Amino acid sequence: MEKTDIKSLTLAELTEAIKGLGEPAFRAKQLYEWMHRKMARDYEEMTNISKALKQKLSDNFAYTCLRAVRVQESQIDDTKKFLFALSDGNVIESVFMKYKFGNSVCISSQVGCRMGCKFCASTLDGVERNLLPSEMLDQIYSIARITGEKISRVVVMGSGEPLDNYDNLLKFIKLLTDENGINMSQRNLTVSTCGIVPNILRLAEENLSINLALSLHASNNDKRKELMPIANQYEIHEVLDACKTYFDKTDRQLTFEYSLVSGVNDTEEDAAELSELLKGINAVVNLIPVNPIKERTFKPTDRAGALSFKNKLEKNHINVTIRREMGRDIDGACGQLRRRHLEEE
């Protein structure tokens, strides 16, 4: 019988499980603190838990602790990219980034991805499986342990589509922001989606305070279809309406991610069309010169072109930033490091 994943249990669920083992309820609080505050790597590190209870836990529960199989550090900035091994032999990747406002971690939500976006390495081999809440959490915990740094922000924007793993994502958010754990503010958490409309609308009703980022990447639906197969299922205006609903319900920041691909979506016509498309929407457009991957011929818009595109949007009263490029020298694009590792294996 498959063991229950103990690190994916809420404190209430853990309390019931511990009582089911014939142990007093206070043991659950101790265990929860070891897992989610002290970030213990295994039961053996829990010094106030008896040997007999450790044996019971080991017999009944799986304990998720990711193993770093590769760490790459940028020579350009302080970015670190991690490749973590899961218990089933799969690998996932996460990124640690230093900013003036604090340290941010970008985590994966799936092993691979089935969304098929043309510029992304994560999706080239499809999706293997969803990540458990514990496997999402332990990307953050492992990076904090390895770097010795405090993590102040989390972005669910690595490999995978978070809203394609909705239930596990929701539990991950609750565990990450639980006052009994590391108690991260929901306002410091951003979830990125390519635009699964029903789940954006579900998320709007969850009474959360997280930020939402939409991978937009095109100024009209036809061009979006060329880059993102999801556009065949959900038309661009339908997706934007769902995002507006999310903002209206939560009053949390909306970001539209726009990867600039030279000669594809960075023309004057694109800028004008994008300005019209986003008129009146309270959001920030985050321009990202696309990170080249060897399996595609896409080239990033150069700095001058990105600034020109930004200026055109700003003249139309669109709030715009250009993302600081991080870790380009260490397989910075989503899925690159994992794919290279699989090819080498």
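Taking the stretch 283-308 as the range and being of a type in the set (S, T, N, Q) and exposed (fewer than 13 other Cβ atoms within 10 Å of the Cβ) as the test, only T297 passes.
The rows are residues; the columns are (1) assigned to a helix (DSSP H, G or I); (2) out of contact with any Pro (no Cβ under 8 Å at 6 or more places or on another chain); (3) not β-branched (V, I, T).
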residue: A218; (1), (2), (3): no, yes, yes
residue: L240; (1), (2), (3): yes, yes, yes
residue: T255; (1), (2), (3): no, yes, no
residue: G263; (1), (2), (3): no, yes, yes
residue: D266; (1), (2), (3): no, yes, yes
residue: E276; (1), (2), (3): yes, yes, yes
residue: G280; (1), (2), (3): no, yes, yes
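All conditions in (1) touching a Cys at 6+ places or on another chain (Cβ under 9 Å); (2) surrounded by fewer than 19 Cβ atoms within 10 Å (Cβ to Cβ) hold for I146, with the sole exception of (1).
Residues in the stretch 141-166 that are free of Cβ contacts under 8 Å to residues at least 40 places away in the same chain and within 20 Å of M39 (Cβ to Cβ): G148 only. Within the stretch 182-205, being farther than 26 Å from I143 by Cβ, free of Cβ contacts under 8 Å to residues at least 40 places away in the same chain and assigned to a loop (DSSP other than H, G, I, E, B) holds for one residue alone: I196.
Yes/no per residue for (1) crowded, with 17+ Cβ neighbours inside 10 Å; (2) over 20 Å from T4 (Cα atoms); (3) of a type outside the set (S, T, N, Q):
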residue: K38; (1), (2), (3): no, yes, yes
residue: Y43; (1), (2), (3): yes, no, yes
residue: T47; (1), (2), (3): no, yes, no
residue: S50; (1), (2), (3): no, yes, no
residue: K54; (1), (2), (3): no, no, yes
residue: L57; (1), (2), (3): yes, no, yes
residue: T64; (1), (2), (3): yes, no, no
residue: K81; (1), (2), (3): yes, yes, yes
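Being buried (at least 20 other Cβ atoms within 10 Å of the Cβ) and among the small types (G, A, S) narrows it down to one residue among S219, S209, S185; which is it? One residue alone meets the criteria, S219.
Every residue, every condition in (1) under 24 Å from Y141 (Cα atoms); (2) in contact with a helix residue (DSSP H, G or I) (Cβ under 6 Å, 6 or more places away or on another chain); (3) assigned by TED's automatic domain parsing to the domain that holds I140; (4) modelled with pLDDT of 95 or more, yes or no:
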site: L9; (1), (2), (3), (4): yes, no, no, yes
site: E13; (1), (2), (3), (4): yes, no, no, yes
site: P24; (1), (2), (3), (4): no, no, no, yes
site: R27; (1), (2), (3), (4): yes, yes, no, yes
site: M35; (1), (2), (3), (4): yes, yes, no, yes
site: K38; (1), (2), (3), (4): yes, no, no, yes
site: M46; (1), (2), (3), (4): yes, yes, no, yes
site: L57; (1), (2), (3), (4): yes, yes, no, yes
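Being assigned to a loop (DSSP other than H, G, I, E, B), within 15 Å of the chain's Cα centre (by Cα) and aliphatic (A, V, I, L, M) is a condition met by at least one residue of the stretch 105-115.
The values are calculated or read from the model by the stated rules, or taken from the named source; none is laboratory data. Being a predicted model, the structure only gives us computed values, none of them experimental. Neighbour counts run over all protein chains shown; Cβ positions are idealised from the backbone, glycine included.
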